[in-house]
Amino acid sequence: MGIAGLLIAYDIANKNVAFLKSRITEKKEVINAIRTYWRLKPLYQQYKAIGNITDRELFKIRNGDDIRKYNTAVEIMNKSKLPDGSLPKAEVINAEILKLEVKKDDIITKHEKTKNKLQSYLIIKSNADMILNYSSDKNEITQEKIVTNDNKSVDISLF
């Protein structure tokens, strides 16, 4: 695979990793929403049971953050419902997260290999360009530096 192919592979890997990270984040948000829902459900039921409007508003002022968190959790859960209207089980979501993380780690490993290959090709190309750009006067000796794979500079004389 040439430099162009490596650049394309590198770009695709970046996009795939970003996509997998967003999917993992979505799944974790669903898990957190379910936990938040169950943690705050009694408080929300208490809020809804208050008949007096003044008492209800006072309760809302004191517990507004938790009521907002509960409502946000409900919204996230509604978006993640299965076609039959039920929520996915936490174990299933956690298994999906694990699969996505394994896939992401695999892509990152391949991504690093592609990145290293690309860097090697670019170093070789840079060195070849330096060698080919020596003075047109063949009798003149010019000093050039070549960068090796381990980032060491080597002086060479070109005729």
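Can you pick out the pairs among K48/K81; K89/K113; K81/K104; K79/K115; K81/K117 whose Cα atoms lie more than 32 Å from each other?
Values: K48/K81 24 Å; K89/K113 37 Å; K81/K104 25 Å; K79/K115 37 Å; K81/K117 43 Å.
Table pairs above 32 Å Cα-Cα are K89/K113; K79/K115; K81/K117.
Below 8 Å, C-alpha to C-alpha, sequence gap of six or more: please give me the relative contact order for segment 3-134 in percent. Kindly include the intermediate steps, with their values, before the conclusion.
Numbers: 74 pairs, mean separation 58.1, N = 132.
With pairs under 8 Å counted, the relative contact order is 44 percent.
Would you mind listing how long segment 3-134 runs along its three principal axes, going by Cα atoms, in whole Å with the largest first?
Principal axes ranked by extent give 89, 32, 19 Å for the Cα atoms.
At 7 Å along Cα-to-Cβ for each site, give me the label-to-label distance between I3 and D129 in nm.
About 0.6 nm separates the two model spin labels.
Take N52 and A18, extend 7 Å from each Cα along the Cα→Cβ direction, and tell me the distance between the two endpoints in nm.
With each label point 7 Å from Cα toward Cβ, the separation is 5.5 nm.
Which FRET efficiency value, to the nearest 0.05, is calculated for Y10 and K103 with the Förster distance at 22 angstrom and r the Cβ-Cβ distance? Could the numbers behind the result be given before it?
Working: r = 18 Å, r/R0 = 0.80.
Given R0 = 22 Å and the Cβ-Cβ separation, E is 0.80.
What FRET efficiency would be calculated for the residue pair R62, K28, taking the C-beta separation as r and a Förster radius of 30 Å, to the nearest 0.05?
Values: r = 29 Å, r/R0 = 0.98.
Calculated transfer efficiency: 0.55.
Computed from the coordinates by the stated procedures, all read-outs in this text should not be read as laboratory data. As the structure is a prediction and not an experimental result, all values here were calculated from the model. With ideal geometry, Cβ positions are generated from the backbone for all residues, glycine too; neighbour counts draw on all protein chains shown.
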